[in-house]
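Chemist: Just passing along the structure, written as structure tokens.
The values are calculated or read from the model by the stated rules, or taken from the named source; none is laboratory data. Since we're looking at a predicted model, the values are computed, not measured. Cβ coordinates were reconstructed from backbone atoms using ideal geometry, including for glycine residues, and neighbour counts include every protein chain displayed. Note: accessible area is taken over every heavy atom of the protein model, side chains too, but ligands, DNA and RNA are not part of it. Shrake-Rupley method; radii C 1.70, N 1.55, O 1.52, S 1.80 Å.
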Amino acid sequence: MKEITAYISVNAEIRFGKPCITGTRIAVSDILQWLASGMTHEEILVDYPSLKEEHIRAALAFAANRESIIKII
């Protein structure tokens, strides 16, 4: 898979600076919430045709990377 930054961008003018799939207003957190609610990759791709499988994998990789660097104080 390409670098995560090829698929995810942060722009203060889009969704208040939340990490989003580049070229869309779909936030990484949206994808994570859909998956957590039980939606399959296929259901997400049908509901949001602008997304591709690599976008979902990039969102998961982004979240995993962010989780690995967060420390509880």
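Chemist: Of all residues being within 19 Å of residue 66 (Cα to Cα) and out of contact with any helix residue (DSSP H, G or I) (no Cβ under 8 Å at 6 or more places or on another chain) in the stretch 7-25, which is most open to solvent (accessible area, probe 1.4 Å)? Just the residue, please.
Modeler: Within the stretch 7-25, the match that is most open to solvent (accessible area, probe 1.4 Å) is 16.
Chemist: Count, please, the residues in the stretch 7-25 that happen to be without any contact (Cβ under 8 Å) to a residue 40 or more places away in the chain and either part of a helix (DSSP H, G or I) or within 14 Å of residue 60 (Cβ to Cβ) (or both).
Modeler: Selection size over the stretch 7-25: 4.
Chemist: Restricting attention to the stretch 38-58, which residues are in contact (Cβ under 8 Å) with a residue 24 or more places away in the chain and surrounded by fewer than 16 Cβ atoms within 10 Å (Cβ to Cβ)?
Modeler: 50, 54, 57, listed by residue number.
Chemist: If you take the residues of the stretch 26-37 that are among the small types (Gly, Ala, Ser) and part of a helix (DSSP H, G or I), which of them is least open to solvent (accessible area, probe 1.4 Å)?
Modeler: That would be 29.
Chemist: Return a yes/no flag: does the stretch 59-68 have any residue that is surrounded by fewer than 15 Cβ atoms within 10 Å (Cβ to Cβ), among the charged types (D, E, K, R) and assigned to a helix (DSSP H, G or I).
Modeler: Yes, some residue in the stretch 59-68 is surrounded by fewer than 15 Cβ atoms within 10 Å (Cβ to Cβ), among the charged types (D, E, K, R) and assigned to a helix (DSSP H, G or I).
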